[in-house]
Amino acid sequence: MKRITYWPQAVLGLTFTWGALMGYAAASGHLSAASIALYIGAIAWTISYDTIYAHQDKEDDALIGVKSTALRFGKNTKSWLAFFYVAMVVGLIVTGMFAALHTLYYLGVAVAAAFCTESEDAAGVSSELPHAARTPSAATATAMGTSVRRSMGTSSWIVVAASPHTKMPL
């Protein structure tokens, strides 16, 4: 996709987070507004974290002629990340509302949101800084992705478990 569009991170989001829909449908036999909201939020999150990763390869991508959201967003990356993080949090909140989830779920969403607000600073995403300062280390990017991924994974499990047709012990 990097040879075709500046949005390969969106394509990754559409495919990588498909499990939110499939898991819910498998457990309940149908799709619901909650599962669709979770899917949309997860797509936004995937675009965000993979854009941070894409900044590591930005110069090489430009040199060989492939595309990414890091190249597309350029100096506006932080604003775009903020937009997609807000979309993710809204998606998770709407998921909780549609699924009538407990207050504890919203606490988990707040924790995930806190990680997101720190991630762009931790990643050092800034086109004004020298290359070494704006390129996140693999360990930093992996830690950020793992932390939020765990939150998203927990959210997916909660939505599936909240289905009225699910026969899972909580």
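The values are calculated or read from the model by the stated rules, or taken from the named source; none is laboratory data. Note that the structure is a prediction, hence the values are computed from the model and not measured. A quick note on method: Cβ atoms are made from the backbone with ideal geometry, for glycine too, and the neighbour counts reach across all protein chains shown. Each accessible area value is taken on the protein alone, full model and side chains, heavy atoms only, with ligands, DNA and RNA left out. Shrake-Rupley method; radii C 1.70, N 1.55, O 1.52, S 1.80 Å.
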Fill in the blank from the handout: Taking first residues from segment 65-80 that are free of Cβ contacts under 8 Å to residues at least 60 places away in the same chain and second residues anywhere that are open to solvent by 80 Å² or more (accessible area, probe 1.4 Å) and of a type in the set (A, V, I, L, M, F, W, C), the pairs with Cβ under 8 Å that are 6 or more apart or on different chains are Phe73/Trp80
Exercise for the section: Six or more apart or on different chains, Cβ under 7 Å: which pairs go from a residue in segment 9-30 that's farther than 26 Å from Asp57 by Cβ and open to solvent by 40 Å² or more (accessible area, probe 1.4 Å) to one that's at pLDDT 95 or above and among the small types (Gly, Ala, Ser)? Could you list them? Expected result: none
Problem - Condition check for Thr51: under 22 Å from Gly19 (Cα atoms), open to solvent by less than 20 Å² (accessible area, probe 1.4 Å), under 14 Å from the mean Cα position of the chain (by Cα) and without any contact (Cβ under 8 Å) to a residue 40 or more places away in the chain - result: no
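For (1) assigned to a helix (DSSP H, G or I); (2) closer than 18 Å to Cys116 by Cα, each residue gets a yes or a no:
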| site | (1), (2) |
| --- | --- |
| Trp45 | yes, yes |
| Asp50 | yes, yes |
| Glu59 | yes, no |
| Leu63 | yes, no |
| Val66 | no, no |
| Lys75 | yes, no |
| Lys78 | yes, yes |
| Leu81 | yes, yes |
| Phe84 | yes, yes |
